[in-house]
Amino acid sequence: MDFENQIINGDVLEVMKKIPDNSIHLAITSPPYNVGKDYDNHNDKMDYQEYLNWLNEVWKETQRVLVPGGRFALNIAPTGIKDFIPIHHDFTNQLRKLGMKFRTEIIWYKQTMLKRTAWGSWKSPANPHVVPSWEYVLVFTKNGDKLFGNPKEADITAEEFKEFSDGFWQIQPERQRNGHPAPFPEDLIYRLIKFYSYKGNIVLDMFGGTGTVIL
């Protein structure tokens, strides 16, 4: 099967097992957050360890399909306030155990603090809440640091390179949700593709979402 320039609807593990080894240059995704969203064909309220075990199989397939030097940009937000789950740490530990190299974490500052409604103990140290106004983009590589390619196919500008290499990205969240709880803003994906891939590289989003990576 030719997997280039396609939208494939199916079970993530079944489809990924059909993708050839060492064929993807850049993977960008945000997995289901396991917070109870009503997906058509996915249980978004697994036991947490079951959830981690399922995604660990996805990470194994991601590592397999990436080319040497291929990158994996994983967007994730800490979940919960009262029962805070450091899901970003758990994913990082999983991928490092699989042999992926942790290159960096990008802070996507969403500038959403005006919408906060949970203070915990108001004006008191008894039990105040810190509400995350950011998400992470965790970046990993397979088999080293360097992605080989034709320098002429690097189309990022000097100004973009300087801006994007600062890991604090102030990007407004997407307003048009179309039924999805957390769609990517286009600028976030634009930056990742420009910074981490050459023209002509193959980019994979194994969870799809609203299709921003595809766009």
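Read-outs throughout are calculated quantities, based only on the coordinates presented, and are distinct from any laboratory measurement. Here the structure is a predicted model, which is why all the values come from computation and not from measurement. Backbone-built Cβ (ideal geometry, glycine too); neighbour counts: all protein chains shown.
Side notes on the structure shown:
- A cut-off of 5 Å between modelled amide H atoms, ignoring neighbours fewer than 5 places along the same chain, links residue 129 with 120, 121.
- Cβ-Cβ distance of residue 97 and residue 134, R₀ of 30 Å, FRET efficiency by 1/(1 + (r/R0)^6): the value works out to about 0.75.
- Taking amide hydrogens as placed 1.01 Å from N in the peptide plane, the amide H of residue 207 sits under 5 Å from those of 30, each at least 5 positions away in sequence or on another chain.
- Paramagnetic reach from residue 194 (point 7 Å along Cα→Cβ, amide N under 18 Å) across segment 80-109: 106-109
- Segment 133-155 and segment 52-107: distance between their alpha carbon centers, rounded to Å: 15
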